[in-house]
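This report concerns only the one structure given below.
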Amino acid sequence: MYDLAWFRANFDRIAERLQTRSNPPNLDGYRTLDKQRRALIAELEGLKAGSNTESAEIGKLRQQGVDTSERQLRMRAINDGIALREQEVKAVDESFREILKGIPNLPHESVPVGSGEADNVEVRRVGEPRQFDFEPKAHWDLGPELGILDLERAAKVTGARFAVYWGLGARLERALINFMLDVHTREHGYTEVLPPFMVNSASMFGTGQLPKFAQDSFKLENTDYWLVPTAEVPVTNLYRDETLEGGRLPVKLCAYTACFRSEAGSYGRDVRGIIRQHQFQKVELVKFAHPDSSYDELERLTADAEDILRRLDLPFRTVVLCTGDTGFSAAKTYDIEVWLPGQNAYKEISSCSNFEAFQARRANIRFKPAKGKGEFLHTLNGSGLAVGRTWVAIVENYQQKDGSVVVPEVLRPYVGTDVIRSETGQAPGLPAT
């Protein structure tokens, strides 16, 4: 969200930059309101000038002993007009703020201009895709064959785009959560927090999910509670309406949550397997940073997320999103994409963004510098990582010809085994097949 005075003063430059976004906002309503406001301000200034003149004349006439009752009636009419115009200006400013709620963040100048995913720019590639001496399988085949992933029973219990993990499949998911949290807290300097998995509408507004993306989230009927689409929402809002000490920035938090998304705009995309689910697990990294250093913090946050993939020895690449592919609230975003041999493609596993003051202004999160008054800080976040997609990447990259999956060395203390084989992961209570 923008500062209204700044937006008004820089409108032409902002409008030009916003045109580089996908589906750029229609600013005709803003222009109409701005024209209306200018006319009201001109009338208001004229009325105030008339009021000052009339007040001076009344003062002179009273000194001369002249009856001023008619002029006082005229003065009241002018003051009534002033009060009315001030209310109208206030109403227009409120309409401005409603419009600003739906206008996306301004892309940073370093973000490449482009219309969509094809225009994203690769900044680095780490590791080489493994060369198999057999045809690698996708996780939606490997998981059920090993007895560690069950999509059919999940569909029976709930519906499409849900998953059940059995045995070592469940343990691998849990191992990844613990491994990520341990690395980020013990080595990257983040403080772990376990937030609620439900949030109120004010929290959803603060990080930019509302009002524009209500259809992408799940709301609990007859309540003001929403299931969290990501830990970004509750963790960022921990400091809503608060002022942090500038000398203590950056504040670095990480959190595990389940995440819930309706995926309203993704029909036909990644329909097989667990790449795109209504419920999935994620470890999120969130930073509250000083505006002067927030882009350095973005580079560090991205490196922290990449470090997990390096330790797991999974091939990946990092791309900077172009203006047309950058999310609503973000000023700049890096996507980290992991190689999935079963699909012969790189798939996003983390999105690391600097929102500058966009979220902080919506959530009223400030910092107090050593001198001067409080100002809005910058917020950042990124997946560190999406757990389910990391699970997929391990199963597909570490698969063996006999159908087993080798557990990455750094995960073995968490999983308790070196290899996942079919005989170790079958669902219990079923007759042998």
Problem - Where a label projected 7 Å from the Cα of Ala39 along Cα→Cβ would reach, residues of region 52-96 with amide N under 16 Å - result: 85-86, 88-93
Exercise for the section: Normalising by the residue count of region 23-133, find the relative contact order in percent from Cα pairs under 8 Å and 6+ residues apart. Expected result: 31 percent
Practice task
Under 12 Å from the Cβ of Arg74, count the other residues' Cβ atoms, weight Lys and Arg +1, Asp and Glu -1, and hand me the total.
Solution key: -2
Fill in the blank from the handout: Checked against the positive end of the charge dipole of the chain (+1 on Cβ of Lys and Arg, -1 on Cβ of Asp and Glu, about the Cα centre), the farthest of Val89, Tyr165, Val286 is Val89
Fill in the blank from the handout: Here, trypsin sites (Lys or Arg not before Pro) of region 191-244 satisfying both criteria (DSSP loop; at most 15 other Cβ within 10 Å) are Lys212
Exercise for the section: Please go through the residue pairs Lys35/Lys90; Lys90/Lys373; Lys101/Lys373 and name each one whose alpha carbons sit more than 20 Å apart in this structure. Expected result: Lys90/Lys373; Lys101/Lys373
Completion exercise
With Gly388 itself left out, Lys, Arg at +1 and Asp, Glu at -1 over residues whose Cβ is under 13 Å from its Cβ give +3
Practice task
Would you calculate, for the chain, the mean residue ellipticity at 222 nm contributed by helices, counting each DSSP H stretch of 4 or more residues as -39,500 (n - 2.57) and dividing by all residues, to the nearest 500?
Solution key: -12500 deg cm²/dmol
Fill in the blank from the handout: Mean Cβ-within-10 Å packing, highest first, puts peptides 94-100, 402-408, 383-389 in the order 383-389, 402-408, 94-100
Exercise for the section: Before anything else, pin down the relative contact order of the chain: Cα pairs under 8 Å, at least 6 apart, normalised by residue count, whole percent. Expected result: 21 percent
Handout entry: Among Pro112, Pro369, Pro144, residue whose mean-square fluctuation peaks in a GNM of the chain (springs only between Cα atoms under 10 Å)
Key = Pro369
Practice task
May I ask you to derive the relative contact order of region 245-305, considering only C-alpha pairs under 8 Å and at least 6 residues apart, and to give it as an integer percent?
Solution key: 43 percent
Exercise for the section: With label points built 7 Å along Cα→Cβ from the Cα atoms of Ile177 and Lys212, find their separation and express it in nm. Expected result: 3.1 nm
Handout entry: Per residue, in Å², the accessible surface of the chain once ligands and nucleic acids are set aside, probe 1.4 Å
Key = 48 Å²
Problem - Using a Förster distance of 30 Å, the FRET efficiency for Val121-Val406 (Cβ separation, nearest 0.05) - result: 0.35
Exercise for the section: Quick one: pull the percent of accessible area on region 147-255 belonging to carbon and sulfur, 1.4 Å probe, ligands and nucleic acids left out. Expected result: 51 percent
Completion exercise
The helix 387-397 Cα axis meets the longest alpha-carbon principal axis of the chain at an angle in degrees, between 0 and 90 and rounded to 10, of 40 degrees
Problem - Cα centre as origin, Lys/Arg/Asp/Glu Cβ charges: region 20-96 dipole, Debye - result: 160 debye
Exercise for the section: Only Lys, Arg, Asp and Glu count, each charged at its Cβ (+1, +1, -1, -1), so figure out the dipole size of the chain about its Cα centre, rounded to 20 debye. Expected result: 880 debye
Fill in the blank from the handout: Whole-percent carbon and sulfur contribution to the accessible surface of region 1-82 (1.4 Å, no ligands, DNA or RNA) stands at 48 percent
Completion exercise
Expressed in nanometres to one decimal, the distance between label points 7 Å along Cα→Cβ at Thr185 and Gln279 is 2.4 nm
Problem - Given charges at beta-carbon only (K, R positive; D, E negative), |dipole| of region 149-191 in Debye - result: 160 debye
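The values are calculated or read from the model by the stated rules, or taken from the named source; none is laboratory data. None of the values given here were measured: they were computed from a predicted structure. We place every Cβ from the backbone using ideal geometry, glycine too, and count neighbours over all the protein chains shown. In case anyone asks, the SASA skips ligands and DNA or RNA and just uses the protein heavy atoms, side chains included. Shrake-Rupley method; radii C 1.70, N 1.55, O 1.52, S 1.80 Å.
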